[in-house]
1. Pick from segment 111-136 the residues that are within 20 Å of Thr25 (Cβ to Cβ) and of a type outside the set (A, V, I, L, M, F, W, C): which of them is surrounded by the most Cβ atoms within 10 Å (Cβ to Cβ)?
2. Please determine whether any residue of segment 71-94 is within 30 Å of Asn4 (Cβ to Cβ), part of a loop (DSSP other than H, G, I, E, B) and among the aromatic types (Phe, Trp, Tyr).
3. So which residues in segment 108-159 are outside any helix (DSSP H, G or I) and charged (D, E, K, R), if there are any at all?
4. Just to be sure, is Thr25 modelled with pLDDT of 75 or more and not charged (D, E, K, R)?
5. Pairs, please: C-beta under 7 Å, at least 6 apart or cross-chain, first residue closer than 16 Å to Leu19 by Cα and in segment 141-158, second small (Gly, Ala, Ser)?
6. Read through the list (1) within 18 Å of the chain's Cα centre (by Cα); (2) surrounded by 15 or more Cβ atoms within 10 Å (Cβ to Cβ), then give the number of the only condition that Lys162 fails.
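The values are calculated or read from the model by the stated rules, or taken from the named source; none is laboratory data. Bear in mind that the values here come from a model prediction, so they are computed numbers and not experimental data. Every residue, glycine as well, gets a Cβ built from its backbone with ideal geometry; the counts of neighbours run over all protein chains shown.
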Amino acid sequence: MEINTFWKIILKSIGLWLLVNCIYTIPQFVSSFSFTNGVANTKGLVIVIIANLIVMILLLLIIRVFLFKTDWLINLLELEKSFNQHKIDIAISKSTTLSIVVIIISAITFLQSLPVLVQELFQFSKQGERIFNYLDTPWIIYHFIRAVASYLAMTNSKPIVKWIIKNETEQDINES
């Protein structure tokens, strides 16, 4: 494996991890629209919306760079310069390595979300309320979707890897 390929795998792994953790920002984005005493402060709300949009755009740009502009990032950070050798003796393909990374990240996300989902469901069952009246229903839905999505990503890593490799190839063609 060449040093460049090694760094691509590492950077794409970081990009996938950021993409998975990007899901955390969605509930935080929504929860930032809280009002004090039921009165909306228009100026404060506009600032919150603008700040949230800036953060989301920056996060998506960073994810795009890590997943699809890895060559540019490697050159920018000069990651290949400190190596004396041009190859590392590892015989694993890029797609296999990315599959392993997708499975590991998905498994970690699944293992993080499942206990929280069970805890939320337990709290809900203790309340004795209807699901529509329960205040933490959005969090139950969020953790359920997160657990299911991470499970599906973990068990179906090949389409995700194909999508990443395809988009990387398209990015390279568009830049040429």
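1. Restricting to residues being within 20 Å of Thr25 (Cβ to Cβ) and of a type outside the set (A, V, I, L, M, F, W, C), the top hit is Ser113.
2. Kept after step one, since they are within 30 Å of Asn4 (Cβ to Cβ), are these residues of segment 71-94: 71-94.
From what is left, the residues that are part of a loop (DSSP other than H, G, I, E, B) are 78-86, 88-93.
Right, trim to among the aromatic types (Phe, Trp, Tyr) and you get 83.
Looking for residues that are within 30 Å of Asn4 (Cβ to Cβ), part of a loop (DSSP other than H, G, I, E, B) and among the aromatic types (Phe, Trp, Tyr), one finds at least one in segment 71-94, hence yes.
3. Applying the first criterion (outside any helix (DSSP H, G or I)) to segment 108-159 yields 128-136, 156.
Correct list: Glu129, Arg130, Asp136.
4. Numbers: modelled with pLDDT of 75 or more: no; not charged (D, E, K, R): yes.
Considered against the rule, which asks whether it is modelled with pLDDT of 75 or more and not charged (D, E, K, R), Thr25 comes out as no.
5. Every condition considered, the pairs that remain are Arg146/Ser113; Ala147/Ser113; Ser150/Ser106; Ser150/Ser113; Ala153/Ser106; Met154/Ser106; Met154/Ala107; Ser157/Ser99.
6. (2)
A quick yes/no check of all residues on (1) surrounded by 14 or more Cβ atoms within 10 Å (Cβ to Cβ); (2) at pLDDT below 80:
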site	(1), (2)
Asn37	no, yes
Gly44	no, yes
Ile47	no, yes
Asn52	yes, yes
Lys69	yes, no
Asn75	no, no
Ser99	yes, no
Ile103	yes, no
Thr109	yes, no
